[in-house]
Amino acid sequence: MSHPIDPSPEPGGLANDVVIIGGGLAGLFCALRLAPRPVTVLAAAPLGEGASSAWAQGGLAAAVADGDSPEAHARDTIVAGAGIVDEAMALSVCREAGERVHDLLAYGVPFDKDLQGRLTVSREAAHSARRIVHVHGDAAGAAIMAALAEAVKATPSIRVIEGFAAEELVMSGRHVAGVMARKTDEAGSQVLILPARAVVLATGGIGHLYKVTTNPPESSGAGIAMAARAGAKIADAEFVQFHPTAIDIGRDPAPLATEALRGDGAVLINRAGERFMAKLHQDGELAPRDIVARGVFAEIAAVRGAYLDARQAIGAAFAEKFPTVHATCLSAGIDPAHEPIPIAPAEHYHMGGIAVDTHGRTTLGGLWAAGEVASTGLHGANRLASNSLLEAVVFGARVAADIGERLPARQGPSPAPKIRHEPCPPPETAGESELRRLMSTDVGVIRDEAGLTRALATILRIERESHCPCLRNMAVTALLVAASALQRHESRGGHWRADYPSADPAQAHRTFMTLDDARAIAHAATAPRRVAAGR
């Protein structure tokens, strides 16, 4: 239950000293780590419900088992990242993993344990060891979020405001001074302005920019757009990870068949029953996600279909080992113990985002970012499985520590929130559908110059013509992704260009871009089209 919107400050006058935008894992963990400092958490959906974190099935990667080490975990992360991982960042994050797991245990997360009380771990693709801590096999995300939501509700210093979607950062020069948010119900006429000394963006990813995604509608890229429009640098925006095994049953968002299924021996087949990954990579079904996604995409494009077959490897144990996937399949009339599961690639995770340093600081004063909205350099061009939940808790803790060190708690009252009423622009469902369709078609698993140029022209038009703040934010983030993809003339990790199918060693580096840079790229690329169209 959210607190009522009260224009007066909370007791002590400190409620808006720190505002965290986003009710997912990074945001809630950061709020808890800031306690007893007063914090306001702004969430578009009921706490935890609009967060991709709650949908994570595999778990959290941490070298907590005998024979494993943070150094080995970092090496796997670097290999999966296809040449552009910040190696120092990877090692530091992996070394913090064990401590953050114990923090989550202290907050009540019921990670699976063996009879001796030791954490049980599983293996996922591109990991050299079993190091994924999980809950009930495939329910880690939901269990972590449930535990943290309860901890937040029990923490007096945290005020949660639900049902308001952030639209714009309030600026004072190049310093972030607060946030403007709009009520998310049908009326949508209430606009809330929250002043703040520190703003933390923890708004999640960009999945809803794509027609097929495993992420909730709240993952629309708004955090990136808000930061970019305020002048922040965006990093590695072209690198988008597509999960190869979304369950293809016509749902939006698409339910996920966890990678742990393949870790336990499930295989990928086409309609003829032929395994196709062995000819594409030496690790077969456990190859990096980008390679598996392209393999699945190719089978579907060739009208051979793609299926996940767990009949031999898991069979009758499916319901016990993977209850979430099992229930989803049964709801669609599929018995995964006896039938292959139809699958398709779906947008799953964005390696790019707001550029941050090792403390989670952005390039704007007063603004931090954590979780999928941020780009830390940990993931490089291709996120290693289950490193996302790890990064969220590591940077949630780092941001909290940095705010505490850099901004001592305010002694006097903070400025009061303001509420105003204004007409709500109607939703532009046609424009949103057009944007999501073109992103999947032209800025998706396989890209080329013609498709990216076509996408940029349409994105510019949608942004220019839209009266809906949400759609304009979606268009801004789409522009950054497409412009970055057009600029990278190679294939690497989650970015694959059909016209540049090889990796170029000279481009083995991260990319950084402002919104002005992206606009310049888009206008230069589409100028002939605009002239031809008489625009």
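Table: residues versus (1) within 23 Å of residue 356 (Cα to Cα); (2) part of a loop (DSSP other than H, G, I, E, B); (3) modelled with pLDDT under 95; (4) not hydroxyl-bearing (Ser, Thr, Tyr).
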site: 178; (1), (2), (3), (4): yes, no, no, yes
site: 185; (1), (2), (3), (4): no, yes, yes, yes
site: 191; (1), (2), (3), (4): no, no, yes, yes
site: 211; (1), (2), (3), (4): no, yes, yes, yes
site: 227; (1), (2), (3), (4): yes, no, no, yes
site: 241; (1), (2), (3), (4): yes, no, yes, yes
For this session: From (1) within 20 Å of the chain's Cα centre (by Cα); (2) closer than 24 Å to residue 392 by Cα, pick out the condition that doesn't hold for residue 211.
Result: (2)
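To keep it simple, each residue is scored yes or no on (1) assigned to a helix (DSSP H, G or I); (2) farther than 27 Å from residue 80 by Cα.
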{"position": "280", "(1), (2)": "no, no"}
{"position": "290", "(1), (2)": "yes, no"}
{"position": "295", "(1), (2)": "yes, no"}
{"position": "311", "(1), (2)": "no, yes"}
{"position": "339", "(1), (2)": "no, yes"}
Exercise. Any idea which of (1) closer than 25 Å to residue 381 by Cβ; (2) not in a helix (DSSP H, G or I); (3) not small (Gly, Ala, Ser) is the one residue 156 doesn't satisfy?
Worked result: (1)
For this session: Would you be able to say whether some residue in segment 363-386 is crowded, with 24+ Cβ neighbours inside 10 Å, in the same structural domain as residue 121 (by TED's automatic domain parsing), modelled with pLDDT of 95 or more and polar (S, T, N, Q)?
Result: yes
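Pick out the one residue from 300, 343 that is assigned to a strand (DSSP E or B), touching a residue at least 12 places away in the same chain (Cβ under 8 Å) and not assigned by TED's automatic domain parsing to the domain that holds residue 478.
After ruling out the rest, the residue left standing is 343.
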Seminar exercise, completed: Checked segment 213-225 for anything crowded, with 24+ Cβ neighbours inside 10 Å and in a loop (DSSP other than H, G, I, E, B); matches are 214, 215, 219, 220, 221
For this session: Test each condition in (1) assigned by TED's automatic domain parsing to the domain that holds residue 381; (2) crowded, with 18+ Cβ neighbours inside 10 Å for residue 486 and report the one that comes out false.
Result: (1)
Exercise. For segment 445-535, which helices (runs of 4 or more DSSP H) that fit wholly inside it have 3 or more residues that are without any contact (Cβ under 8 Å) to a residue 60 or more places away in the chain and either on the phi > 0 side of the Ramachandran plot or among the charged types (D, E, K, R) (or both)?
Worked result: 449-465, 515-532
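The values are calculated or read from the model by the stated rules, or taken from the named source; none is laboratory data. Owing to the predicted nature of the structure, the values given are computational and were not obtained by experimental measurement. All Cβ positions, glycine included, derive from the backbone under ideal geometry; neighbour counts span all protein chains shown.
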